[in-house]
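Colleague: One structure is given below, represented as structure tokens, and several questions about it will come after.
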Amino acid sequence: MLAPEQIFNEEESHESSEESASFQQANLPRKTLPSPHPDRAPRSAKLAALHARLSLSKKIPLQILARALVDPSADAHPQFNNANLAFVGASLLQYHTSEWIVTRYPRLPMGIVFSAMNGYAGGPALVRIARAWGVEAAAAPGEKVDPGYLQYSREKPTVLVHKWGYTRAEVKELEKYKWRRGMSSRVIFDDPFGNTVSKEPKEPKEPKDPKETKEAAELEFRQTRDPDNSEIRDGDQNAHANFVRAVVGAVYLYCGSEAAKTFIKAFVLSRTLDISNLFSFRLPQRELTRLCDRENFDPPVARLLSETGRLSRTPVYVVGIYSGYDMLGEAAGSDLESAKIAASINALKSWYLYSPPNVSVPSDTFGEDAAPWEPAYIDMGEIIS
């Protein structure tokens, strides 16, 4: 049996130890957060304005939109940055963009399909979309930054969204010696935009002259601060592009696949992209001849339709390319040869840019009450000249 004095002393010593521990915890400096706390999101006017500007559903909380604005370079914790949302959004963007291009333009060469996908859902295109949304980047990430700012670190490298594809064994030689890559290998091995996948990031060259270092730092500062500059740093570009991808991923997770598809149509596929400017023909006359031979058309014949100023300094010739009685293309030029080449190019573009009316995409059949799938038109393929 313990004496009452001993029991009292033990309780008093226990209470004094708890008080000292709580006093020490209260005096310890609190660790600052790398990004704003999610509880601050509902009180951000800038975040609420962005939510309303994008016409997002009320199902998407402001905390998720604030998370979409935090780049992995600012906060490495996967539950507080947009890496996972951006991965989902990138997959949706690539899927809906590719199915829309392939079904709407079934005769496009694969190289043009890659370029068109990059023009709609590539990094530079998503950066312009983010700027059109009025997204502003914070000078530096931190706990006290308004949650409505895009936050990424300019000192740490931005984490790239995982790209589907294989790392080629000869990737270093491809970049060093500019080896030619076949279209079949680009489809199988490379990423959805036809670019090689490399695990090792490119190391920047270190300038030897200190004056070059100062000029590079000034250029980097201007590129970071100027929102209208077309030359964007990789970190800035990836952060803005990942934000757009993360918003698409958030719409999909909280509102469903149909809402994500509508969102992509409204903000990505609604943009104007002149696909005819993506073509580059080396031998258009030979390619047109092979096309007519493959499709059992009459051989193409160039005919002079009209001319003016033959003996002047600026003559103009209008040439048409005919297959039998059907005119395939028409163009004007300063001489007969250039007009013939331009007319052949226009004839090839009119063939490749064929678009069937009332075309449907495979994702239209995902709904419960959707109509059955009608097979899309499939072309024989591009002409190899």
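Colleague: Please enumerate the residues belonging to the stretch 60-77 that are surrounded by 22 or more Cβ atoms within 10 Å (Cβ to Cβ) and in a helix (DSSP H, G or I). Reasoning before the result, please.
Modeller: Initially, the stretch 60-77 is screened for residues surrounded by 22 or more Cβ atoms within 10 Å (Cβ to Cβ), giving 64-75.
Within the stretch 60-77, 64, 65, 66, 67, 68 qualify.
Colleague: Select from the stretch 241-263 the residues that are in a helix (DSSP H, G or I) and of a type outside the set (A, V, I, L, M, F, W, C) and list them in ascending order. Steps first, please.
Modeller: Here is the first cut: in the stretch 241-263, the residues in a helix (DSSP H, G or I) are 241-255, 257-263.
Result: 242, 245, 249, 252, 254, 257, 258, 261, 262.
Colleague: Can you name the number of the only condition in (1) without any contact (Cβ under 8 Å) to a residue 24 or more places away in the chain; (2) under 12 Å from residue 347 (Cβ atoms); (3) charged (D, E, K, R) that residue 287 fails?
Modeller: Result: residue 287 passes all but (1).
Colleague: Here is a further query. Could you list, ordered by first residue, the pairs with Cβ atoms under 8 Å in which the first is in the stretch 175-198 and free of Cβ contacts under 8 Å to residues at least 24 places away in the same chain and within 15 Å of residue 114 (Cα to Cα) and the second is among the aliphatic types (A, V, I, L, M) and surrounded by fewer than 17 Cβ atoms within 10 Å (Cβ to Cβ), at least 6 apart or interchain?
Modeller: 181/174
Colleague: I've got another one for you. The conditions are (1) closer than 13 Å to residue 148 by Cα; (2) surrounded by 14 or more Cβ atoms within 10 Å (Cβ to Cβ), and residue 80 fails exactly one of them. Which is it?
Modeller: The number of the failed condition is (1).
Colleague: Got a sec? Which of 271, 303 is outside any helix (DSSP H, G or I) and farther than 30 Å from residue 132 by Cα? Lay out the reasoning, then the answer.
Modeller: Values: 271 fails: farther than 30 Å from residue 132 by Cα.
After ruling out the rest, the residue left standing is 303.
Colleague: Taking residue 266 as meeting all but one of (1) surrounded by fewer than 12 Cβ atoms within 10 Å (Cβ to Cβ); (2) among the aliphatic types (A, V, I, L, M); (3) assigned to a strand (DSSP E or B), write down the number of the exception.
Modeller: Among (1) surrounded by fewer than 12 Cβ atoms within 10 Å (Cβ to Cβ); (2) among the aliphatic types (A, V, I, L, M); (3) assigned to a strand (DSSP E or B), residue 266 violates only (3).
Colleague: Follow-up. Filter the stretch 274-300 for residues that are among the acidic types (Asp, Glu) and in a helix (DSSP H, G or I); which is nearest to residue 244 (Cα to Cα)? Quick ask: steps written out before the conclusion?
Modeller: Of the stretch 274-300, the ones among the acidic types (Asp, Glu) are 274, 287, 293, 295, 298.
Of the ones still in play, those that are also in a helix (DSSP H, G or I) are 287, 293.
Values: 287: 40, 293: 46 Å.
This residue is 287.
Colleague: Report, by residue number, each residue of the stretch 347-372 that is among the polar types (S, T, N, Q) and touching a residue at least 24 places away in the same chain (Cβ under 8 Å).
Modeller: Selection gives 355, 360, 363.
Values quoted throughout were computed directly from the atomic coordinates according to the rules given, and no laboratory measurement underlies them. These numbers were taken from a predicted model, which means no experiment stands behind them. Heads up, the Cβs are rebuilt from the backbone with ideal geometry, glycines too, and the neighbour counts pull from every protein chain shown.
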